[in-house]
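To start, the structure under review is shown below, and the notes come after it.
The values are calculated or read from the model by the stated rules, or taken from the named source; none is laboratory data. Since the model is a prediction, treat every value here as computed from it, not as a measurement. Because the Cβ atoms are built from the backbone with ideal geometry, glycine has one as well, and the counts that use them run over all protein chains shown.
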Amino acid sequence: MNDLRTIFKNPAVNNSGASTDGVSVNAYGQGQCSGATYTIPAHGNIDVKFDLTMQCVTPDNVDALDALIRGMLSASQQAKYDQLTEDTSSGGRGFFLWFSAGGSKTTHKQTTHTMTSYGLTTAQQTTIIDAMVKMANKTNTFKYKGNINNTAYDYSVSGSLFGIVMDCTIQKGENHSQIRFLAPNIHVKGDNGASLGVETPLWERQ
C-alpha cells in the first residue's frame, strides 16, 4: 500500500467562517498489496507469514476505532451498525461502510450527517475524529499469517494479496490529514482474477 499521509494547511470553514472538523472519503474499494505475491504448486498449499510496516491504519487500529464507535451507540443503533459488518464489501468491519455510505466517496457533510443520524453528539464525533488523527501520525506493522489452499487444482497458480481500503481526508481545525485504512478481511486472487481459499484469516492480531 502506498503512503498517502500528508499534513497541510488548507482550512475548511462553515458559514460563520469558523474551521470545522470532520471526515470525507476520497476513495473506497479493493486494493492490492504491492510487492506481496505468491505461487502455489498444483495440489499444494502454502503458509503465509510476514510483516509489513506501513504508514496506514492497519486492522488492529481499525478494530479499536470500530469498538470506539460501536460503544457510543445505543442498542438499536448498534444492531444497525453490526449489519454493515456482515456485508462482504465492508472488509469485515462496519466502520468502512459506515463512513463511506455503503462503499463510495462521501463528503464531510455526508459523514457528519451519518454520525448525527446514529445519535452521536458533537463531542462524541470529535472524540472519533481525534482518534483518527492520532492514528494518522503513526507507522504501523501489519502481520500477514495464514494458509492458502490450491489442493483442488492440478495446476500451479500465482497471484497477489488484496483487501478493502478506504482513503480519507480528516479535517481537524486548520489541518487536513490524508490517511488510508486497511480492512482485516484480506483475501488472495490468482493472476486470472479467481479467488483462492484460505484455511485461516490472513491476519494475525497483535
Study note, to complete from the structure: Sole miss for residue 108 among (1) touching a residue at least 40 places away in the same chain (Cβ under 8 Å); (2) under 30 Å from residue 51 (Cβ atoms) is condition (2)
Exercise for review: Please tell me if residue 84 is modelled with pLDDT of 80 or more, in contact with a Ser or Thr (Cβ under 9 Å, 6 or more places away or on another chain) and over 29 Å from residue 158 (Cβ atoms).
Suggested key: yes
Point to revise | Residue tally, condition surrounded by 15 or more Cβ atoms within 10 Å (Cβ to Cβ) and not β-branched (Val, Ile, Thr), over the stretch 133-157 | key: 11
Review point. Of all residues in the stretch 11-46, which are at pLDDT below 80 and either assigned to a strand (DSSP E or B) or closer than 19 Å to residue 185 by Cβ (or both)?
Key: 13, 19, 32, 33, 34, 35, 36, 37, 38
Exercise for review: Would you check which residues across the stretch 150-175 are among the polar types (S, T, N, Q) and touching a helix residue (DSSP H, G or I) at 6+ places or on another chain (Cβ under 9 Å) and list them?
Suggested key: 169, 171, 175
Practice item. Output the residues belonging to the stretch 57-90 that are free of Cβ contacts under 8 Å to residues at least 40 places away in the same chain and within 20 Å of residue 123 (Cα to Cα). Key: 66, 67, 70, 71, 75, 78, 81
Exercise for review: Please work out if residue 181 is over 30 Å from residue 42 (Cα atoms) and not polar (S, T, N, Q).
Suggested key: yes
Check your understanding: part of a strand (DSSP E or B) and closer than 29 Å to residue 39 by Cα - does that describe any residue in the stretch 167-178?
Key -> no
Revision key, fill the gap. Listed by range, helices (runs of 4 or more DSSP H) wholly within the stretch 58-146 having at least 2 residues that are of a type in the set (S, T, N, Q) and in contact with a helix residue (DSSP H, G or I) (Cβ under 9 Å, 6 or more places away or on another chain) are 75-86, 108-117, 122-136
